[in-house]
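The values are calculated or read from the model by the stated rules, or taken from the named source; none is laboratory data. Please read all numbers here as calculations on a predicted model, not as lab measurements. No Cβ is skipped: glycine too gets one built from the backbone with ideal geometry, and neighbour counts run over all protein chains shown. Areas reflect the complete protein model, heavy atoms only, side chains present, ligands, DNA and RNA absent. Shrake-Rupley method; radii C 1.70, N 1.55, O 1.52, S 1.80 Å.
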Amino acid sequence: MTREPVAVVGIGQTRHAAARRDVSIAGLVREAARRALDDAALTWSDIDAVVIGKAPDFFEGVMTPEHYLADALGAVGKPLLRVHTAGSVGGSTALVAADLVAARVHRTVLTLAFEKQSESNAMWGLSLPVPFQQPLLAGAGGFFAPHVRAYMRRTGAPDGVGSLVAYKDRRNALKNPYAHLHEHDITLEKVRTSPMLWDPIRYSETCPSSDGACAMVLTDRAGAARAPYPPAWLHGGAMRSEPTLFAGKDFVSPRAGKDCAADVYHQAGITDPRREIDAVEMYVPFSWYEPMWLENLGFAAEGEGWKLTEAGVTALDGDLPVNPSGGVLSTNPIGASGMLRFAEAALQVRGRAGEHQVAGARKALGHAYGGGAQFFSMWLVAAEPPTT
């Protein structure tokens, strides 16, 4: 039995901010969901099932919030499924929803991810006590900084590459009205001279802490035919994971990330991602991860990723734009950050990304990772439906 083609026909996201005190968690997710439904010209009654995802519950201190969010999401009396894969959860949630459509379990599915970090403290929530973690770091940046230093040592990348990424993404965010950070006075010098948080990661090279949500409506071929705007078609999607720690683990370029990308490219018939993919929405919470993931995802040979960044290849007007939306460096509601990457990739191939639209984008990759660089989820979407 062949898989049903899956189309993204509705996309919605909230206004992102450090603290959305104007809404509850229920109000936050409903804001994104309503915008996705409006984009698809659908109502709550058109949705067959809801798939929701977020990062660990202790980020807000509200346990299993999906139980009480069913009403806000029009899911009373309908199947509602919760997904959790740490920081990659937004991507994983979208893939679970897509599989329900592809397997013809449901025809139209609302998928949504969120985080309201202002109601807790994610940095200290990620700083586990002894004996579960060595007392040498605070927050995710402390965990990943040594991996960045290892990349620099392995490749000979100069110190300023991370600042180039941050400067690019923060400027891109100025073209995205939903982005959390709009730093109109940003300069490369300000990034380079910002305080050092976790050597070699500076303050302006790290992601913010955001409140926000993202939602998408996924449907089958018949549903896509009724959509008011061109859909984005799913050509390949995959998840992979590996342990946080094991003998021989490559923290700089994890095997799970390579395998996940290879699976997606195989499904989509991509043989040269550097030439065949028009835009990439990549999960880059710390700026140095752009060159690291360029290599891990097959866009550059080992040791060459930083050279693409330095040459301007990943700029909005480069030949491989990375994070035209501003990315995680500009907006980071952790549970939704991965879905935002998937949704922004879909917006690009739909031609609906507004000021940060990549001209002529026909194929785009959405990428998410989480945990100790152990959970990966990716999808490739295109303007045309798959041929098989």
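Of everything in region 14-29 that's crowded, with 21+ Cβ neighbours inside 10 Å and touching a Ser or Thr at 6+ places or on another chain (Cβ under 9 Å), which residue is nearest to R341 (Cα to Cα)? Full working, then the answer.
Taking region 14-29 as the starting set, the residues that turn out to be crowded, with 21+ Cβ neighbours inside 10 Å are 14, 16, 20, 25, 28-29.
The next check asks that each one be touching a Ser or Thr at 6+ places or on another chain (Cβ under 9 Å); those that pass are 16, 20, 28-29.
Numbers: H16: 14, R20: 21, L28: 19, V29: 17 Å.
My answer is H16.
If the requirement is being surrounded by fewer than 21 Cβ atoms within 10 Å (Cβ to Cβ), in contact with a helix residue (DSSP H, G or I) (Cβ under 6 Å, 6 or more places away or on another chain) and either among the β-branched types (V, I, T) or within 14 Å of L112 (Cβ to Cβ) (or both), which of these qualifies: G53, G74?
Details: G53 fails: surrounded by fewer than 21 Cβ atoms within 10 Å (Cβ to Cβ).
Being surrounded by fewer than 21 Cβ atoms within 10 Å (Cβ to Cβ), in contact with a helix residue (DSSP H, G or I) (Cβ under 6 Å, 6 or more places away or on another chain) and either among the β-branched types (V, I, T) or within 14 Å of L112 (Cβ to Cβ) (or both) holds for just one of G53, G74, which is G74.
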Residue match in region 97-105 (condition: part of a strand (DSSP E or B), open to solvent by less than 50 Å² (accessible area, probe 1.4 Å) and either farther than 28 Å from S330 by Cβ or at pLDDT 95 or above (or both)): no
Identify, by number, the condition in (1) surrounded by 17 or more Cβ atoms within 10 Å (Cβ to Cβ); (2) in a loop (DSSP other than H, G, I, E, B) that I11 doesn't meet. (2)
Meets criteria (within 16 Å of the chain's Cα centre (by Cα) and at pLDDT below 95) for Q348: no
For the list (1) open to solvent by less than 10 Å² (accessible area, probe 1.4 Å); (2) closer than 30 Å to R3 by Cα; (3) among the hydroxyl-bearing types (S, T, Y), I need the number of the one condition that S45 fails. (1)
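Rundown of residues vs (1) touching a Cys at 6+ places or on another chain (Cβ under 7 Å); (2) under 20 Å from E281 (Cβ atoms); (3) in a helix (DSSP H, G or I), yes/no style:
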position: A19; (1), (2), (3): no, no, no
position: A32; (1), (2), (3): yes, yes, yes
position: G53; (1), (2), (3): no, yes, no
position: D71; (1), (2), (3): no, no, no
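This table checks each residue for (1) within 22 Å of S163 (Cβ to Cβ); (2) charged (D, E, K, R).
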{"position": "F299", "(1), (2)": "yes, no"}
{"position": "G305", "(1), (2)": "yes, no"}
{"position": "T314", "(1), (2)": "yes, no"}
{"position": "A345", "(1), (2)": "no, no"}
{"position": "R352", "(1), (2)": "no, yes"}
{"position": "Q357", "(1), (2)": "no, no"}
{"position": "A368", "(1), (2)": "no, no"}
Does region 77-96 hold any residues that are open to solvent by less than 10 Å² (accessible area, probe 1.4 Å) and part of a loop (DSSP other than H, G, I, E, B), and which are they? S88
Identify all residues within region 57-71 that are in contact (Cβ under 8 Å) with a residue 60 or more places away in the chain and open to solvent by 30 Å² or more (accessible area, probe 1.4 Å); write none if there are none. F58
If the requirement is being more than 25 Å from Y178 (Cα to Cα), open to solvent by less than 10 Å² (accessible area, probe 1.4 Å), assigned to a helix (DSSP H, G or I) and touching a residue at least 60 places away in the same chain (Cβ under 8 Å), which of these qualifies: M339, M292? M292
Is it the case, given these coordinates, that A345 is in a helix (DSSP H, G or I), open to solvent by less than 10 Å² (accessible area, probe 1.4 Å), farther than 16 Å from F375 by Cβ and of a type in the set (G, A, S)? yes
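So that you can scan it fast, the table gives a plain yes or no per residue for (1) in contact (Cβ under 8 Å) with a residue 40 or more places away in the chain; (2) in contact with a Cys (Cβ under 6 Å, 6 or more places away or on another chain); (3) surrounded by 24 or more Cβ atoms within 10 Å (Cβ to Cβ):
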| site | (1), (2), (3) |
| --- | --- |
| F299 | no, no, yes |
| E302 | yes, no, no |
| W306 | yes, no, yes |
| V313 | no, no, no |
| L320 | yes, no, no |
If you take the residues in region 266-289 that are outside any loop (DSSP other than H, G, I, E, B) and out of contact with any strand residue (DSSP E or B) (no Cβ under 9 Å at 6 or more places or on another chain), which one is surrounded by the most Cβ atoms within 10 Å (Cβ to Cβ)? R274
